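Everything below concerns the one structure shown next.
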Amino acid sequence: MNFAVIGYPISHSLSPIMHHANFKALGRDDEYCALSIDPKHFHHIKDIIDEKALDGFNVTIPFKIDIMNYCDEIDTTAQMIGAVNTVLIKNNKWFGYNTDGLGYLLSMQDYLRDDMNVLILGAGGASRAISYTLMQNHRVTVANRSLERIQSWPFEIECLTYDRLDNLSRYDLVINTTPVGMTGYDEPSIIRCHNLNKSCVVSDIIYTPEKTAFLKEAKLQDLKIINGLGMFVMQGAKSFEIWTGDVADVEAMTLAVQTALKGRNQC
């Protein structure tokens, strides 16, 4: 079977390395490549994918919303999230899914308990996916610079602006979904970790660098920290399951990504 990830730019993607490690571990001869598609040519996406004879593909920035216009059917969860990151091609039809929220949930299984107070920083696509997934079993608050984007979501959720954040000690889990901390986004942390409860778990969906400034600050406060590596692997694993019906080798996928990241950091 043939798969790919589409995006722009895409050369940095670790998805091919991750998926090929899974194929090898499972004894499969599948292929997975990264396709860079210039946004001005995106209206040719059907022809591009047909030419590659793909059985399914992942979608990353900046096409997660635009791809919805080309799907024949879209999963209910993806509709609520408002973005598709996984497409299954079957009988010449495109079926759209979103595995980001579920990927995050699965990556955090060891740290979640029922009815937690969760604070999510940022209101982009990842925030919306994680918010919708976690709100099924937890009390979720989303904080952003402005509320306009959050209030346009197709589901209701508690929200407030950054300047209204107070009583941080009430949260059991804080998740950064903003690019703050990523290379090139060296802004100060949105919140100060010394105001968090000592039992709070601090999560960042960024996985490179391994520890953002936010996670480093949390670690100094002896808080449990988790980066976005697990989410990245689990969303990929769920995509593989959608395409094939088989269970992915998560251990092999994780090791492949960790090894690739170490190699990059040594360059």
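Against the test of being over 30 Å from Val247 (Cα atoms), in contact with a Leu (Cβ under 7 Å, 6 or more places away or on another chain) and surrounded by fewer than 19 Cβ atoms within 10 Å (Cβ to Cβ), the options Leu160, Leu147, Leu168 yield a single qualifying residue, Leu168. Only one of the numbered conditions (1) closer than 20 Å to Asp246 by Cβ; (2) of a type in the set (S, T, N, Q); (3) part of a helix (DSSP H, G or I) is violated by Asn69, and that is (1). Filtering Lys238, Lys211 for residues that are under 24 Å from Thr133 (Cβ atoms), within 18 Å of the chain's Cα centre (by Cα) and of a type in the set (Lys, Arg) leaves a single hit, Lys238. When the residues of segment 84-99 are filtered to those that are of a type in the set (Val, Ile, Thr) and not in a loop (DSSP other than H, G, I, E, B), the one that is surrounded by the most Cβ atoms within 10 Å (Cβ to Cβ) is Val87. Return yes when Asn195 is at pLDDT 90 or above and surrounded by fewer than 18 Cβ atoms within 10 Å (Cβ to Cβ) and no when it is not. Yes: the conditions hold for Asn195.
Could you please give the count of residues in segment 43-65 that are of a type in the set (Val, Ile, Thr), over 22 Å from the mean Cα position of the chain (by Cα) and surrounded by fewer than 20 Cβ atoms within 10 Å (Cβ to Cβ)?
First pass over segment 43-65, keeping only residues of a type in the set (Val, Ile, Thr): 45, 48-49, 59-61, 65.
With over 22 Å from the mean Cα position of the chain (by Cα) added as a condition, the list becomes 45, 48-49.
Still in the list and also surrounded by fewer than 20 Cβ atoms within 10 Å (Cβ to Cβ): 48.
Residues that pass the stated criteria total 1.
Of all residues in segment 249-267 being modelled with pLDDT of 95 or more and not aliphatic (A, V, I, L, M), which is most open to solvent (accessible area, probe 1.4 Å)? The selected residue is Glu251.
Within segment 19-42, the set of residues being assigned to a helix (DSSP H, G or I) and surrounded by 12 or more Cβ atoms within 10 Å (Cβ to Cβ) comprises His19, His20, Ala21, Asn22, Phe23, Lys24, Ala25, Leu26, Phe42. Ile81 meets the stated requirement of being in contact (Cβ under 8 Å) with a residue 24 or more places away in the chain and open to solvent by less than 20 Å² (accessible area, probe 1.4 Å).
From the residues in segment 207-216 that are open to solvent by 30 Å² or more (accessible area, probe 1.4 Å) and not in a loop (DSSP other than H, G, I, E, B), which one is modelled with the highest pLDDT? First the steps, then the outcome.
From segment 207-216, those open to solvent by 30 Å² or more (accessible area, probe 1.4 Å) are 207-211, 213, 216; that's our starting set.
Narrowing further to those that are not in a loop (DSSP other than H, G, I, E, B): 213, 216.
Values: Ala213: 88, Lys216: 92.
Among them, the one singled out is Lys216.
Screening Val5 against (1) under 30 Å from Arg149 (Cα atoms); (2) open to solvent by 40 Å² or more (accessible area, probe 1.4 Å); (3) in contact (Cβ under 8 Å) with a residue 40 or more places away in the chain; (4) of a type in the set (Val, Ile, Thr) leaves a single unmet condition, (2). The C-beta contact set for segment 218-236 (first residue within 30 Å of Tyr32 (Cβ to Cβ) and open to solvent by 30 Å² or more (accessible area, probe 1.4 Å), second residue among the hydrophobic types (A, V, I, L, M, F, W, C) and in a loop (DSSP other than H, G, I, E, B), distance under 7 angstrom, 6+ apart or interchain) comprises Asn227/Ile206.
The values are calculated or read from the model by the stated rules, or taken from the named source; none is laboratory data. Keep in mind that this is a model prediction, so the values were computed, not measured. Reconstructed Cβ throughout: ideal geometry from the backbone, glycine too, with neighbour counts over all protein chains shown. Note: areas computed on protein heavy atoms with side chains; ligands, DNA, RNA excluded. Shrake-Rupley method; radii C 1.70, N 1.55, O 1.52, S 1.80 Å.
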